[in-house]
Amino acid sequence: MYVKKDLRFNELSMKQQYCENICVHVKVGKESLILASIYRSPANNSSDNDKLLNLIDEICHEKAQHKIICGDFNFPNINWDSYTTTQGRNNIEFNFIEKKRDNFLSQQVKGITRHRGEARGNTLDLIFTNQEEIIENVKIDSPVGRSDHAVFCFNVNLETEKNNRKKRVFIYEKANYDLMRQKLDIDWTEYLEEGDMESKWNKFKTKLEEVISECVPVKVIRCCENRKRRTNEKLPMNRKLWTMIKKKNRLWEWLKNMRLQKESNDLALQKHAMEYRRTNNKVRSETRKEIKNKEKVIAENVKDNRKVFWDYVQKKLKRKVGIPVLQVTENGHTTTAESDKKKG
């Protein structure tokens, strides 16, 4: 799950150990929102299904005014217009509908989200909320790559609270390096003579920080303020690729509508399906070329603009280094404040 960095949020650790989920708590004005993303495998056993139902209970009982639960639940036999299923009372689909009713959740996806071949398709990807008025403009778009699941987009009608934390930044290009050299021109052997390795390091660091604070000017910025776009950080998508993506989306809409129409000609349906697959493969190929071209430009300019190169490398790393939300009190309260993290 990606969250815009200027939002105030923290990841929730749920007690119910259902593996395929992630939940975040987002501050929205004086209220709060819990956003959960869940995947249910069609191969889930009864124990996994029970954990899923318990997880939904736990999310719905969290202390937040607004809840949104979305994901791929793989319930092909549920009719979401009538909230009914062809399965019996002991089946997970029946129990899932009852769990939705028990927690007063409404389902917001009204169209087909998964197609395979020329079949009509199913509504497998779902959005649930405890307040349907906060979900707006649910749109089902064409799949990404070779996936047979559609992409859905929606707006959440809530005013978020921005992360306005400020931090001090040293302006090293305007530092007084002559004065810094004078202040650091001391007998370091004598200065660090006493104490163990840890105390010597702390003494050295304290001295260096004192000199930096005296010799380097400081400015205060917001942690998440927009920075000017760096050269070559984002390259414009070429017109050819844009045209192909629009064609792919248009073909997918036609194909989706033809599948829904019982009187559709099978040959015409197969023809459109073949054309969609060809266009989708071209989009994948052209997208990869675009990425390679971007990487080539970054590599060619690495001597002149190393920052862009290392930014790009950092974005590609799967493991991010940082201090997560910490539990700082015995009653389980968490903190996102940097000062509390440093104390921890």
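Here Lys183 is the anchor, and the aspartates and glutamates within straight C-alpha reach of less than 19 Å, apart from those fewer than 8 places off in the same chain, are Glu173, Glu193, Glu209, Glu210, Glu214.
Computing FRET efficiency as 1/(1 + (r/R0)^6) for Asn10 and Val211, where r is the C-beta to C-beta distance and R0 is 35 Å, gives about 0.45. For the stretch 71-130, the set of chymotrypsin sites (Phe, Trp or Tyr not before Pro) satisfying both a DSSP loop assignment and a count of at most 12 other C-beta atoms within 10 Å is given as Phe104. Listed from fewest to most Cβ neighbours within 10 Å, the set Leu269, Leu55 follows the order Leu269, Leu55. Charge tally for Ser37 (other residues, Cβ to Cβ under 13 Å; Lys, Arg +1; Asp, Glu -1): -2. In plain terms, the residue of Met274, Met14 with the fewest other Cβ atoms within 10 Å comes first and the most crowded comes last, giving Met274, Met14. Whole-percent P(r), the stretch 48-138, all Cα pairs, 10 Å bins from 0: 15, 49, 30, 6, 0. As a calculated quantity, the FRET efficiency between His149 and Val24 at R0 = 25 Å, using C-beta atoms, amounts to about 0.70. Taking the number of Cβ atoms within 10 Å of each Cβ as an exposure proxy, the fewest-first ranking of Ile22, Ile59 is Ile22, Ile59.
With a simple spin-label model that places each label point 7 Å from the Cα along the Cα-to-Cβ direction, the separation between Lys174 and Lys307 comes to 1.6 nm. Over the stretch 166-222, the pair-distance histogram of Cα-Cα distances with 5 Å bins from zero comes to 4, 17, 21, 20, 15, 12, 8, 3, 0 percent, rounded to whole numbers.
Take every Cα pair under 8 Å whose residues are at least 6 apart in sequence, average their separation, divide by the length of the stretch 166-222, and the relative contact order is 71 percent. Stretching the chain fully between Gln270 and Val218 yields a gain of 12.2 nm (0.36 nm per residue, less the alpha carbon separation). Round to the nearest 0.05 the FRET efficiency obtained for Glu133 and Thr160 when R0 = 22 Å and r is the Cβ-Cβ distance. That gives a FRET efficiency of 0.85. Normalised by the number of residues in the stretch 1-107, the average gap of Cα pairs under 8 Å and 6 or more apart makes the relative contact order 21 percent. Using a cut-off of 21 Å between Cα atoms, the listed pairs Lys174/Lys203; Lys27/Lys166; Lys15/Lys51; Lys5/Lys205 include Lys174/Lys203; Lys5/Lys205 as exceeding that distance. The modelled label-to-label distance for the pair Met1/Ser106, using points 7 Å beyond Cα in the direction of Cβ, is 2.2 nm.
FYI, it's all coordinate maths here, none of it is from the lab. As the structure is a prediction and not an experimental result, all values here were calculated from the model. Note that we place each Cβ from the backbone using ideal geometry, even for glycine, and neighbour counts take in every protein chain shown.
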